[in-house]
Amino acid sequence: YGNTKPQLGLEDYFVIGYVGVLREWVDLEPVYQALKELPDDIIFLVVGQEGRYQENIELAKKYGVIEKARFAGNIPYSKVPIYISAMDVGVIPFKLNSITEHALPLKLFEYMACEKPVISTEIPGVKAIAGDRVMYAKDTEGFKEKITLLYENREMRRKMGMFGRLFVEKNYDWKKITMNLEDILRE
């Protein structure tokens, strides 16, 4: 998709992004807290509405970062790549609990397929699959540190994005997944 920032009116910003539901296992609070201490040209784009949408708007207000947050709400799934392509970094800020213990979010592969570096909490599924291809953050300080590192280092963002894309192409292409599933079913 290339650079879709102008299409979304985000060309003047460094965009941290989250795509997905806002259910109880998603914890955007550390990102809002980090945003408070990050440069003014860094914004947080939240795509999705299911779950705690209004609570997230209130959290952004509570931390004084509502002007640095963009809530896109629900968008058609076909438009997700446009939004991810406008991001500089994709985040997976999940709580560590019995729900996320066995989770492997599709957004990990979507961010990587769009060549975006990823910062995730240390959920076992992401660690097992992505390993060191992803940065990890436990809390506000961790998100602030990792976002700053990527904000200041274009080459690191480019490399993480490129390696993420290659990883997904090699291992998680839908055609390959379908062929593997067919092989399993034939057996």
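Here are the numbers for the structure shown:
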| item | result |
| --- | --- |
| Filter result for LEU10 (touching a Ser or Thr at 6+ places or on another chain (Cβ under 8 Å) and buried (at least 20 other Cβ atoms within 10 Å of the Cβ)) | no |
| Matching entry among ILE92, ILE57 (being modelled with pLDDT of 95 or more, open to solvent by less than 50 Å² (accessible area, probe 1.4 Å) and farther than 22 Å from TYR172 by Cα) | ILE57 |
| Search result, residues across the stretch 95-125 that are over 21 Å from GLU29 (Cβ atoms), among the hydrophobic types (A, V, I, L, M, F, W, C) and surrounded by 14 or more Cβ atoms within 10 Å (Cβ to Cβ) | LEU104, PHE109, MET112, ALA113, CYS114 |
| Lone unmet requirement of (1) under 22 Å from LYS95 (Cα atoms); (2) surrounded by fewer than 20 Cβ atoms within 10 Å (Cβ to Cβ); (3) free of Cβ contacts under 8 Å to residues at least 40 places away in the same chain for GLY20 | (3) |
| Complete set of residues in the stretch 72-81 that are surrounded by 15 or more Cβ atoms within 10 Å (Cβ to Cβ) and in contact with a Phe, Trp or Tyr (Cβ under 7 Å, 6 or more places away or on another chain) | ALA72, PRO81 |
| Residue match in the stretch 118-125 (condition: under 20 Å from LEU22 (Cβ atoms), in a helix (DSSP H, G or I) and in contact with a His (Cβ under 9 Å, 6 or more places away or on another chain)) | yes |
| Cβ pairs under 7 Å, 6+ apart, first in the stretch 113-131 and within 15 Å of GLU169 (Cα to Cα), second assigned to a loop (DSSP other than H, G, I, E, B) and open to solvent by 30 Å² or more (accessible area, probe 1.4 Å) | ILE129/LEU104 |
| Subset of the stretch 166-187 (residues that are open to solvent by 100 Å² or more (accessible area, probe 1.4 Å) and assigned to a helix (DSSP H, G or I)) | LYS170, TRP174, LYS175, MET179, ILE184, LEU185, ARG186 |
| Sole residue being of a type outside the set (Asp, Glu) and open to solvent by 30 Å² or more (accessible area, probe 1.4 Å), chosen from PHE163, PHE143 | PHE163 |
| Unmet criterion (only one of (1) surrounded by fewer than 20 Cβ atoms within 10 Å (Cβ to Cβ); (2) touching an Asp or Glu at 6+ places or on another chain (Cβ under 7 Å)) for VAL15 | (1) |
| Search result, residues across the stretch 88-104 that are in contact with a helix residue (DSSP H, G or I) (Cβ under 7 Å, 6 or more places away or on another chain) and part of a loop (DSSP other than H, G, I, E, B) | ASP88, PRO93, ALA103, LEU104 |
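The values are calculated or read from the model by the stated rules, or taken from the named source; none is laboratory data. Bear in mind the structure is a predicted one, so any value in this text is a computation, not a measurement. Note that each Cβ is placed from the backbone with ideal geometry, even for glycine, and that neighbours are counted across all protein chains shown. In case anyone asks, the SASA skips ligands and DNA or RNA and just uses the protein heavy atoms, side chains included. Shrake-Rupley method; radii C 1.70, N 1.55, O 1.52, S 1.80 Å.
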